[in-house]
1. Identify, by number, the condition in (1) surrounded by 19 or more Cβ atoms within 10 Å (Cβ to Cβ); (2) out of contact with any helix residue (DSSP H, G or I) (no Cβ under 7 Å at 6 or more places or on another chain) that Asn95 doesn't meet.
2. Name the residue that is surrounded by the fewest Cβ atoms within 10 Å (Cβ to Cβ), counting only residues in segment 136-150 that are among the β-branched types (Val, Ile, Thr) and in a loop (DSSP other than H, G, I, E, B).
3. Considering segment 48-63 alone, what residues qualify as being buried (at least 17 other Cβ atoms within 10 Å of the Cβ) and not in a strand (DSSP E or B)?
4. Evaluate the following for Thr89: is it under 22 Å from Asp32 (Cβ atoms), buried (at least 20 other Cβ atoms within 10 Å of the Cβ), touching a residue at least 24 places away in the same chain (Cβ under 8 Å) and not small (Gly, Ala, Ser)?
5. Does Thr39 satisfy the criteria of being of a type in the set (Ser, Thr, Tyr) and touching a residue at least 24 places away in the same chain (Cβ under 8 Å)?
6. So which residues in segment 9-28 are within 20 Å of Tyr74 (Cβ to Cβ) and either in contact with a strand residue (DSSP E or B) (Cβ under 6 Å, 6 or more places away or on another chain) or part of a loop (DSSP other than H, G, I, E, B) (or both), if there are any at all?
7. Filter segment 105-135 down to the residues that are assigned to a strand (DSSP E or B) and either among the acidic types (Asp, Glu) or in contact (Cβ under 8 Å) with a residue 40 or more places away in the chain (or both), then identify the one that is surrounded by the most Cβ atoms within 10 Å (Cβ to Cβ).
8. Can you work out which of the residues in segment 4-47 that are within 21 Å of Lys84 (Cβ to Cβ) and of a type outside the set (A, V, I, L, M, F, W, C) is surrounded by the fewest Cβ atoms within 10 Å (Cβ to Cβ)?
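The values are calculated or read from the model by the stated rules, or taken from the named source; none is laboratory data. The shown structure was predicted, so the numbers you read here are calculated from the model rather than taken from an experiment. Neighbour counts are summed over all protein chains in view; Cβ atoms, including those assigned to glycine, are modelled from backbone coordinates with ideal geometry.
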Amino acid sequence: MLSRGEFITAFSNTITWLNCETCQKIKAFKTDADTRFVTSYEKDEYIYMNSTNSVCFKSSKGKAFEYSNSQLSYAYSQDMDYDKNIYTTGYNTINIHQLTSTGQLIRIIPTSQIDPTITDYPWVLRFQLNSNRFLLTFNHTGKVLICEID
């Protein structure tokens, strides 16, 4: 989690930390892509889309990585399950990539495997705290699914 009183946000090519009370910028970090979402797990640990086909995990604890895959296109949303596995949506590739906490690919889950009727682009993925259940939203239809990872 962020420090008490901090908020992290992303826009264009910048990730910015703000003071919640004053809205003053605490710090900013330039990315290599049009970063639309950033997910923070602990203070100074966060993950974001760093290019069309990659996500980057930054950590002050020295366990940073970059994950790239041609089957990952526009990874707008990321989150972590109760086992510390990382998930990222592939917007244009219509899939979800499940990674270990060190950035190794576990599997690629086509959204059609979750629901065969889905043809829309996955938008936001968020896990229930300390759970393997997650919410998955879709951009154009507004469809929302509650899913569970085995």
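1. Answer for Asn95: the failing condition is (2).
2. Thr141
3. Asn53
4. Yes, satisfied.
5. yes
6. Scanning segment 9-28 gives Thr9, Ala10, Ser12, Asn13, Thr14, Ile15.
7. Pro122
8. So the residue we want is Glu42.
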